[in-house]
Amino acid sequence: MPIISYKDMPHVKLLNGIHGAFHHSDQLTFGHITMEEGAILPEHQHIHEQWTHLIEGRLELTVDGTTTILEPGISAHIPSNVRHGGRALTKCRMIDCFCPVREEYKNLEPWTGQ
């Protein structure tokens, strides 16, 4: 059984102010993500089914035109090909899970603290 310590993994940059550590199995991508306060995830969609679980902070999340404020302990399910985006109202830490694997995440640039 593989054990992964995300706290010891280097982060990669997703977008300005958004970075994380990811592990990929044969079927899914699992990541610990940080969004710095004020960071914006532009509205987008992808083939991947996604679950986002907020661990820390407050995240304004819009899924299919409906906006909700996520707080710690709240999860959001984003079905395949549904438009979504968000804004970190405070610094946020979350877990994201994608199925199938986010192949493009395997070669992201290292996060340098910016």
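Points to keep in mind about this one:
- Spin-label model distance (nm) - residue 71 vs residue 37, 7 Å beyond Cα toward Cβ: 1.8 nm
- Cross-link partners of residue 106 among lysines, defined as those whose alpha carbon lies under 20 angstrom from its own and excluding same-chain residues fewer than eight positions apart: 7, 13.
- Dipole check for the chain: with +1 at the C-beta of Lys and Arg, -1 at the C-beta of Asp and Glu, and the Cα centre as origin, the magnitude is about 140 Debye.
- Centre separation in Å (Cα based) which lies between the stretch 90-107 and the stretch 1-52: 3 Å
- Placing a pseudo-label 7 Å from each Cα along the Cα-to-Cβ vector at residue 89 and residue 28 gives an inter-label distance of 2.7 nm.
- Panel order for 102, 83, by other beta carbons found within 10 Å of each beta carbon, from fewest to most: 83, 102.
- Net +/- balance of residues flanking residue 29 in space, Cβ distance below 13 Å, scoring K and R +1, D and E -1: -3
- Matching the structure-derived percent of Cα pairs over 19 Å apart against the labelled list [x] 46; [y] 56; [z] 43 gives the label [z].
- In straight-distance terms, cross-link reach from residue 91 covers every one of the aspartates and glutamates whose alpha-carbon lies under 18 Å from its own, apart from those fewer than eight places away in the same chain; here that gives 36, 37, 56, 60, 71.
Bear in mind these aren't lab numbers, they're just calculated from the coordinates by the rules spelled out. Here the structure is a predicted model, which means the values were calculated and not measured. Methodologically, a virtual Cβ is constructed for each residue, glycine included, from the backbone with ideal geometry; neighbour enumeration extends over all protein chains shown.
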